[in-house]
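The values are calculated or read from the model by the stated rules, or taken from the named source; none is laboratory data. Given the structure is predicted, the values throughout are model-derived calculations rather than measurements. Note that we place each Cβ from the backbone using ideal geometry, even for glycine, and neighbour counts take in every protein chain shown.
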Amino acid sequence: MRRSLITLLALTVLTGVLFALWPELDLMGSAFFHGPTGFAGNGHGLRGLRGILYFLPVVVMGLFLLAWILGWVAGWFDLPWPEALQPRGRSVLFLALGLALGPGLLVNAILKEHWDRPRPLQVQEFGGPLEFRPWYKTDGACVKNCSFVSGETSGAFWLVAPASLAPGPLRLPAVALALGVGGLTGVMRVAFGGHFPSDVLFAGLFTLIIVALLRKILIKPDKQGLRGDDPYL
């Protein structure tokens, strides 16, 4: 876990340095998806996929919470309930805090509302009225719900948290799938002109750092080296 945190922090610093020294990387990344008719992501197919991925974190959190409530009620009334469908309280707390502190507080309540970076579709390079600003400057002309960082990407990378609670043999593929969903969401946000590449990279890294810290605090290994608070153990 310590190695994972160090790796995530190093990647965050590296991302910040690269896009600070060469802010044109953001413009180049967004320009890849921009053509004569606008940004490439505005097709109906991608909009449908975006809608599914947008609500996926809330659906997953809701299913874990519902399973925990039903298991608690079943235990209270001495009703049969499959143990495999009973998340532990610490697991539910871990997921809820990760969603609240990452996509909720840090990304949407703090950064997006106070980091006035215009979105790609708002800047002059892509036909908008506003001046492009690199990620480290907060003096942009965006007023509300701005580009830095991507809320949808943050929510998608939060899916690593429930994936990390999968049973041992399924944990690695589950985490890989969650990372893939996060990466796909980030690419789509750039393709839609909603965010620059640095916005989605920072969103994913910030969220993964929060998830890793919360897991270290709340999910403790048992004597056998298994995660005693995983929902299926």
- Query: Which one of these is part of a helix (DSSP H, G or I) and out of contact with any helix residue (DSSP H, G or I) (no Cβ under 7 Å at 6 or more places or on another chain): 121, 106?
  - Reply: 121
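Determine whether residue 104 is without any contact (Cβ under 8 Å) to a residue 40 or more places away in the chain and buried (at least 17 other Cβ atoms within 10 Å of the Cβ). Walk me through how you get there before you give the answer.
Details: without any contact (Cβ under 8 Å) to a residue 40 or more places away in the chain: yes; buried (at least 17 other Cβ atoms within 10 Å of the Cβ): yes.
Taking the combined requirement at face value, the residue satisfies it.
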- Failed item in (1) crowded, with 19+ Cβ neighbours inside 10 Å; (2) under 21 Å from residue 149 (Cβ atoms), with residue 131 passing the rest: (1)
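If only one of 31, 84, 40 is modelled with pLDDT of 95 or more and over 22 Å from the mean Cα position of the chain (by Cα), which one is it? Outline the logic, then answer.
Values: 84 fails: modelled with pLDDT of 95 or more; 40 fails: modelled with pLDDT of 95 or more.
None of the others qualify; the one that does is 31.
Scan region 45-71 residue by residue and report those that are modelled with pLDDT of 85 or more and loosely packed, with under 14 Cβ neighbours inside 10 Å.
Initially, region 45-71 is screened for residues modelled with pLDDT of 85 or more, giving 47-71.
Result: 47, 48, 51, 52, 55, 58, 59, 62, 63, 66, 69.
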- Only one residue in 78, 116 is more than 30 Å from residue 31 (Cβ to Cβ) and in a loop (DSSP other than H, G, I, E, B). Which one? 78
- Message: Being of a type outside the set (Gly, Ala, Ser) and surrounded by 14 or more Cβ atoms within 10 Å (Cβ to Cβ) is the filter here; which residues of region 19-41 pass it?
- Response: 19, 23, 25, 26, 27, 33, 34, 39
